[in-house]
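Trainee: Here you go, one structure.
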Amino acid sequence: MQKNEIISLKIEDMGVDGEGIGRYEGMTFFVKDALIGDEIRARITKLKKNYGYARVEEIISPSRFRVEPWCELHRRCGGCQIQALAYEQQLVFKQNKVRDSLIRIGGFAPELVDDIMDPIVGMEEPFRYRNKAQFPIGRGKDGNPVAGFYAARTHTIIPVTDCKLGVRENQSILKEVLAYIKECHTAPYDENTGKGLFRHVLIRYGFTTKELMVCLVINGTKLPAQERLIERLIKIPGMTSISVNHNTKKTNVILGETTECIWGKPYITDYIHLRNTGDFSCEGTAVAYHISPQSFYQVNPVQTEKLYSLALAYAALTGKETVWDLYCGIGTISLFLAQKAGKVYGVEVVPQAIRDARENAALNQITNAEFFVGKAEEVLPEFYERGGSGDGEDMLHPDVIVVDPPRKGCDEKCLTTMLRMQPGRIVYVSCDPATMARDVKRLCEGGYALKKVRAVDQFGNTGHVETVVLMSRVQD
Ligand code: SAH
């Protein structure tokens, strides 16, 4: 067997990123864009000792789960790894991904997992769900400015103004921005030389308020003929905030440090309203959030309502509890917890996010939530080791701890301190099933029992999945 050889294989499984997995002469092959059930001819692109990678050359017999992808660019873009898979089957894939992680990495018995795991919460509409889009700007073949996305693993911009995961409004905004750039006769940014002005367009949309935000990221300090851009953009219904962000560094990071609002408000407002979602219910008052260009905010607001309802249902608060919300971002979950608890303490590493969290608490007249800047693995042990009395005692032995860490999961020091605090319940919200399973295993070895697991699809057509897990303390 060698590189570039053409092999025939049947795809029998799917890997964690949605790639197809098949076997050929005892070797396992990972094949991007191949779906479970496909029979294909593929070209070997890389060979290792026991496995290899291959690219689809021809689909001999398509999987019965194959659908016509809505976006003709989906293979080149790489953002929607599983768009060609029927949505129902995407949900099966994600449910299994969470289940398998708990069994393989977490070491839990399949019978236990099947017993406590509820069916994944799917989306009603797996397209047009993102409230945030970031389009790089470059120069097209004809020399005109274009906006689009980077082709997978490259820095070549493929022009597209209508990503099917984003809102329709993106299209009219990009049309105006590109027309303005052309009019200015100013060059877009060139990644290779570090020269040129226009880098990215960031767009945010409030699903409940219909407010729009546009932020133009430039490699410089001033926008030429700024009034012309404003004039064009404010014709678009819902335009609420226009700003310029300055990023003069040669970096892949999209936003620079300073942002200047040039028209309207420096933020848009959106609401999250927990609803009765059928089999799990947790109604609360709507919470308003101010979102600035830099704020972290969940990108799928419809599914976020379901995710938080589930986290709250698992927390089972009655009004008196003390709760820690670790990795709290701008306080999104904390403010819902605060409506149902006695006191909530949020911890987050990004200072700006904590500033937003405090502002959002005030905006919603929530007074029983307190926020701390720092790493969860440092803030929590500091409090614990300092000890406390009175209210402080509740803080060290909370009723519930909620965590929502980034992909790498929780730090060991954070997990150890959580165990020492002995909360009655731990609610683990996760965007990566592998690290979630690793951490849940550790917590269960430390005296907790796995009670409930449910996946929520926040990112239809991509391979990502969100999970909420409930653990409770085993009494000794
Ligand atoms: N719960 C929030 C945010 C979740 S995203 C929401 O639902 O909106 C994870 C958050 O963890 C990010 O805001 C990130 O900045 C923060 N974070 C990353 N590492 C951290 C650490 N070590 N300690 C505390 N927060 C951290």
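The values are calculated or read from the model by the stated rules, or taken from the named source; none is laboratory data. Remember, it's a predicted structure, so these values are computed and weren't measured experimentally. When we count neighbours, we look across all protein chains shown, and the Cβ atoms used for this are built from the backbone with ideal geometry, even at glycine. We work out accessible area using only protein heavy atoms, side chains counted, and drop any ligands, DNA or RNA first. Shrake-Rupley method; radii C 1.70, N 1.55, O 1.52, S 1.80 Å.
Trainee: Can you give the three extents of the C-alpha atoms in segment 6-66 along their principal axes, from longest to shortest, in whole Å?
Mentor: 32, 24, 17
Trainee: Describe numerically, in nm with one decimal, the distance between label points set 7 Å from Cα along Cα→Cβ at residue 249 and at residue 411.
Mentor: Using points 7 Å along Cα→Cβ, the separation is 2.1 nm.
Trainee: Show the residues, 5+ positions off or on another chain, whose built amide H is closer than 5 Å to the amide H of residue 160.
Mentor: 147, 148, 149
Trainee: Sort 227, 370 from largest to smallest accessible area, using a 1.4 Å probe on the heavy atoms of the protein chains. Walk me through the numbers before you get to the answer.
Mentor: On the way: 227 120, 370 75 Å².
Descending accessible area places them as 227, 370.
Trainee: Be a star and scan segment 138-163 for residues whose amide nitrogen sits under 15 Å from the point 7 Å along the Cα-to-Cβ vector of residue 72.
Mentor: 159-163
Trainee: Antiparallel DSSP bridges in the chain: what percent, to the nearest 5? Numbers along the way, then the final one.
Mentor: Working: 68 of 102 bridges.
Antiparallel bridges make up about 65 percent of those DSSP assigns within the chain.
Trainee: I would also like to ask the following. Hey, how much of the P(r) for segment 35-88 falls beyond 12 Å, as a percent of Cα pairs? Intermediate results must be reported in sequence, preceding the final value.
Mentor: Numbers: 1018 of 1431 pairs.
That fraction is 71 percent.
Trainee: How much FRET efficiency would the formula 1/(1 + (r/R0)^6) give for residue 221 and residue 153, where r is the Cβ-Cβ distance and R0 is 25 Å, rounded to 0.05? Let's see the in-between values first.
Mentor: Numbers: r = 32 Å, r/R0 = 1.30.
FRET efficiency, residue 221 to residue 153: 0.15.
Trainee: Something else: Please list the three semi-axes, largest first and in whole Å, of the ellipsoid equivalent to segment 129-246, using sqrt of 5 times the eigenvalues of its alpha carbon gyration tensor. Don't skip to the answer; put the middle values down first.
Mentor: Details: eigenvalues 94, 62, 29 Å².
They are 22, 18, 12 Å, listed largest first.
Trainee: If you plug each phi of segment 251-259 into the Karplus form 6.51 cos²θ - 1.76 cosθ + 1.60 with θ = phi - 60°, what whole-Hz ³J(HN,Hα) values come out, in order, with x for Gly and Pro?
Mentor: Residue by residue, segment 251-259 yields 8, 7, 5, 6, 8, x, 6, 10, 10 Hz.
Trainee: Ok, one more. Using heavy-atom solvent-accessible surface (probe 1.4 Å) with all chains present, what is the largest-first order of 112, 326? Mind dumping the intermediate values first?
Mentor: Working: 112 65, 326 0 Å².
Sorted by accessible area, descending: 112, 326.
Trainee: For segment 271-473, list log₁₀ I(q)/I(0) at each q in 0.08, 0.11, 0.18 Å⁻¹, using the Debye formula over Cα point scatterers of equal strength and ignoring solvent, two decimals each.
Mentor: For the requested q values the scattering log ratios are -0.23, -0.45, -1.36.
Trainee: Additional query: So what's segment 362-476 giving for Rg/Rh, alpha carbon basis, Kirkwood Rh from the mean inverse pair distance? List each step's numbers first, then the result.
Mentor: Working: Rg = 15.3 Å, Rh = 15.3 Å.
Here the Rg-to-Rh quotient is 0.99.
Trainee: Arrange the residues 113, 349 by how much accessible surface each exposes, largest first, with a 1.4 angstrom probe. Working shown, then result.
Mentor: Values: 113 0, 349 80 Å².
Order by accessible area, largest first: 349, 113.
Trainee: Moving to a separate point now. Using 22 Å as the Cα-Cα cut-off, could you pick out the over-long pairs in 210/235; 375/408; 132/452; 94/413; 132/235? Kindly include the intermediate steps, with their values, before the conclusion.
Mentor: Details: 210/235 15 Å; 375/408 14 Å; 132/452 31 Å; 94/413 30 Å; 132/235 20 Å.
Distance filter (> 22 Å) returns 132/452; 94/413.
Trainee: Using only the alpha carbon atoms of segment 31-143, find the Kirkwood hydrodynamic radius as the inverse mean reciprocal pair distance, in angstroms to one decimal.
Mentor: On the way: mean 1/r = 0.0574 Å⁻¹.
By the Kirkwood definition, the hydrodynamic radius is 17.4 Å.
Trainee: Dividing the convex hull volume of the alpha carbon atoms of the chain by its residue count, what do you get in Å³ per residue?
Mentor: On the way: hull volume 79.8 nm³, N = 476.
Output value, Cα hull per residue: 168 Å³.
Trainee: While we're here: Modelling each spin label as a point 7 Å along the Cα-to-Cβ direction, I'd like the residue 370/residue 28 distance in nm, to one decimal.
Mentor: Here the answer is 4.9 nm between the modelled labels.
Trainee: What does the extension gain come out to for residue 47 and residue 175, with contour length at 0.36 nm per residue minus their alpha carbon separation? Don't jump to the answer; show the numbers that get you there.
Mentor: Working: separation 128, 0.36 × 128 = 46.08 nm, distance 4.46 nm.
Net length gain for the segment: 41.6 nm.
Trainee: Determine ³J(HN,Hα), in whole Hz, for all residues of segment 344-356 in sequence, where each value follows from phi through the Karplus function 6.51 cos²θ - 1.76 cosθ + 1.60 and θ = phi - 60°; x replaces Gly and Pro.
Mentor: 10, 10, x, 10, 8, 7, 8, x, 4, 5, 5, 4, 4
Trainee: Counting other Cβ atoms within 10 Å, keep those with at most 16, restrict to DSSP loop, and tell me which trypsin sites (Lys or Arg not before Pro) in segment 319-356 are left.
Mentor: On the way: sites: 320, 340, 343, 355; in loops: 320.
Passing both the DSSP loop test and the Cβ count: 320.
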